[in-house]
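Shown next, in structure tokens, is the structure this report addresses.
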Amino acid sequence: MQIGRNVRLTRVIVDSEVVIPAGLVVGEDLGTVPEGLRERLAADDVLSYRVLWLEREGRGFVAPSRYPVRAAACVSTHDLPTVAGWWSGADIDERATLGLADETATAAARAERADGKAMLADALHAAGASRGLRVDARAPHDAAITAAIHRFVGAAPSDLVMIQADDLAGATMAVNLPGTDRARPNWRRRLDVETDDLWQTETGVQTAADFAVDRTAR
């Protein structure tokens with residue numbers, strides 16, 4: 001019954017493209033979805049949504065070459081950590097500070113993140129995203145790490161690859177933290193970089209240069 005409602009909604013949305021023929025429709029098929037939903041969305045030419053932080057296989061990360069063509073790929077979303085936040089563990093620290101995780105849970109999260117960083121560093125190297133320089137999972141975050149992670153996602157055959165303004169600006173705090181209200185400025189925090197300057201940051205310049213070569217060659 002649930003998939004039926006989803007499919008009818010999909011039909012309505014896709015039919016609306018008759019009005020806007022150049023539009024793309026992205027289905028937020030993250031987490032647990034009804035069996036067969038992704039196949040039905042694909043049949044209706046709705047892009048799948050592939051987020052690096054969630055594209056895991058065991059402890060490792062799914063290679064970008066395995067992302068679907070008909071997909072919108074990205075590193076993170078407004079509800080998940082930024083690149084700088086994930087690499088530095090700022091999101092884990094914030095949950096601890098807000099009392100959303102006790103000492104045991106925080107220690108476990110930090111250990112899991114350290115392992116995740118090591119797995120991602122290996123994945124970046126295997127995909128050629130580190131450009132021959134192996135990323136040190138123990139090193140502090142810098143623009144070169146963000147650029148390598150963007151190259152990783154940019155290597156996907158997906159029709160659309162999205163980059164967050166937050167990552168171009170080097171923000172460590174996510175736009176939103178689900179489960180909170182007044183404890184933090186959800187949807188209200190400003191970036192430290194003006195909009196017109198986002199592509200002039202170190203990350204912006206490098207990512208634009210990388211994508212101009214890697215993405216336009218497809």
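Just so it is clear, none of the values below were taken in a lab; they were calculated from the coordinates. Because the structure is predicted, anything quoted here is derived from the model rather than measured. When we count neighbours, we look across all protein chains shown, and the Cβ atoms used for this are built from the backbone with ideal geometry, even at glycine.
Note that the chain, at 20 °C in a medium of 1.002 mPa s, gets a Stokes-Einstein diffusion coefficient of 114 µm²/s from its Kirkwood radius over C-alpha pairs.
For the peptides 183-196, 62-75, the ranking by mean Cβ contacts within 10 Å, running from highest to lowest, is 62-75, 183-196.
Semi-axes of the equivalent ellipsoid of the stretch 70-160 are 26, 16, 10 Å, computed as sqrt(5λ) over the eigenvalues of the C-alpha gyration tensor in descending order. Here Thr32 and Arg182 are evaluated by their C-beta separation; at R0 = 35 Å the FRET efficiency comes out at 0.75.
For the chain, the share of DSSP beta bridges that are antiparallel, to the nearest 5, is 20%.
At q = 0.11 Å⁻¹, what log₁₀ I(q)/I(0) does a Debye calculation on the Cα points of the stretch 37-115 give, no solvent, two decimals? Results for the stretch 37-115 at q = 0.11 Å⁻¹ read -0.40. Here the gap between Trp53 and His78, fully extended at 0.36 nm per residue and compared with their Cα-Cα distance, gives a gain of 7.8 nm.
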